[in-house]
Amino acid sequence: MNIQERMAARQLFTDHDDRYPEEAEALARARQRGKTLCYEINTLHPDRLEERAALMKQLFGQIGEHVWLEPPIRMAYGSNTTVGNRVYMNFNLTIVDDYKVTIGDDVMFGPNVTIAVTAHPVHPEKRKEGGMYALPVVIENGAWIGSGAILLPGVTIGEGSVIGAGSVVTKDVPANVIAVGNPCRVLREITERDREYYYREQRFDEVEW
């Protein structure tokens, strides 16, 4: 199997495999392209919104409408990440997208979020051999990923769920829950009370909201 096939089969791979020099070279070019586009986005003047939007369309594999990105952003490729509509990405989003990252509609990211699809064997002798594996990460519609959260390979965040600030997500999170901690665990379901109160005893103003 070539490099991409090994990724898809969830087997160990290396992105500089000498058995597939053309594919390894193509991956290196794709990584460099992603880094270059991130650099251009991150160094643009904040007022140059149309140029930022054009660069974002080049960076991501697919991107929907009304997506807002607060630079800086860092990505391994960019081209392996798809983004839905009305997504908000806050400062210092890092996406290690050696493999697929899928971000649904109406997703919000706090600052300093990391998404990593790639990891390495635990045993130090095996790590020295240079192999790694990649598992897809999915963030479903309407999820909110809190500041400083880390999403590890292979996890799915269910529709509408909230991941608390600083959480480390090591396994799937179901839909419509609040999950927090390291490792991240479900704290509670999102209920009808959350329609009335936005923070502890702070009630929504029905006139304004």
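The values are calculated or read from the model by the stated rules, or taken from the named source; none is laboratory data. Keep in mind it's a predicted model, so treat the numbers as computed, not measured. Cβ placement follows ideal geometry from the backbone for every residue including glycine, while neighbour counts extend to all protein chains displayed. Calculation scope for accessible area: heavy atoms of the full protein, side chains included, ligands and nucleic acids excluded. Shrake-Rupley method; radii C 1.70, N 1.55, O 1.52, S 1.80 Å.
Some observations on this one:
- On full extension, the segment bounded by Tyr88 and Arg188 gains 33.6 nm, given 0.36 nm per residue less the C-alpha separation.
- Mean projection area, nm², convex hull over Cα of segment 72-160: 5.6 nm²
- Taking amide H positions as modeled 1.01 Å from N, with prolines and chain starts lacking one, the residues under 5 Å from Val162 and 5 or more places away or on another chain are Trp144, Val177, Ile178, Ala179.
- Longest site-free stretch - the chain; sites: trypsin sites (Lys or Arg not before Pro), DSSP loop, at most 14 other Cβ within 10 Å: 49-170
- Remark: the chain carries a charge dipole of roughly 680 debye about the Cα centre, counting +1 on each Lys and Arg Cβ and -1 on each Asp and Glu Cβ.
- Evaluating 6.51 cos²θ - 1.76 cosθ + 1.60 at θ = phi - 60° for every residue in segment 120-135, the Karplus couplings come out as 10, x, 6, 5, x, 5, 6, 5, 4, 6, x, x, 8, 9, 9, 10 Hz, glycine and proline recorded as x.
- Between amide H atoms placed 1.01 Å from N, distances below 5 Å from Asp97 occur with Ala76, Tyr77, Gly78, all of them 5 or more places distant or on a separate chain.
- In this rough spin-label picture, where each label sits 7 Å from Cα along the Cβ direction, the Val122-Ala54 distance is 5.0 nm.
- Heavy atoms of Asp105: accessible area, 1.4 Å probe, square angstrom to 10: 40 Å²
- The lysines within cross-link reach of Lys57, meaning a Cα-to-Cα straight distance under 29 Å and a gap of 8 or more places when in the same chain, are Lys35, Lys100.
- Per-residue 3J(HN,Hα) values for segment 171-184, derived from phi via the Karplus relation 6.51 cos²θ - 1.76 cosθ + 1.60 with θ = phi - 60°, read 8, 4, 10, x, 6, 6, 9, 9, 10, 9, x, 9, x, 5 Hz in sequence order (x marks Gly and Pro).
- Only aspartates and glutamates eight or more places from Lys128 in sequence, or on another chain, were considered; those with a Cα closer than 15 Å are Asp15, Asp17.
- Percent accessible area from carbon and sulfur atoms, the chain, protein chains only, probe 1.4 Å: 51 percent
- Gyration tensor (Cα) of the chain, equivalent ellipsoid semi-axes in angstrom: 32, 22, 13
- Cα-based helix-to-principal-axis angle, 49-59 vs the chain, degrees rounded to 10: 50 degrees
- Whole-Å distance, taken between Cα centres, linking segment 125-150 and segment 17-65: 19 Å
- Think of it as helices only: each DSSP H run of n ≥ 4 in the chain is worth -39500 (n - 2.57), and spread over all residues that comes to -7000 deg cm²/dmol at 222 nm.
- For the chain, the solvent-accessible area works out to 58 Å² per residue, with a probe of 1.4 Å and every protein chain left in place.
- Taking amide hydrogens as placed 1.01 Å from N in the peptide plane, the amide H of Thr156 sits under 5 Å from those of Val138, Asp172, Val173, each at least 5 positions away in sequence or on another chain.
- Nearest-ten-degree value, helix 21-43 long axis tilted from longest Cα axis of the chain: 40 degrees
- Across Thr156, Thr81, Thr43, the residue with the most accessible area heads the list, and the full order at a 1.4 Å probe is Thr43, Thr156, Thr81.
- Working from label points 7 Å from Cα in the Cα-to-Cβ sense, the Ala165 to Asp17 distance is 4.3 nm.
- From phi via Karplus (6.51, -1.76, 1.60), per-residue ³J(HN,Hα) for segment 91-107 in Hz, x at Gly/Pro: 3, 6, 6, 10, 10, 8, 9, 4, 10, 6, 10, 10, 10, x, 6, 6, 8
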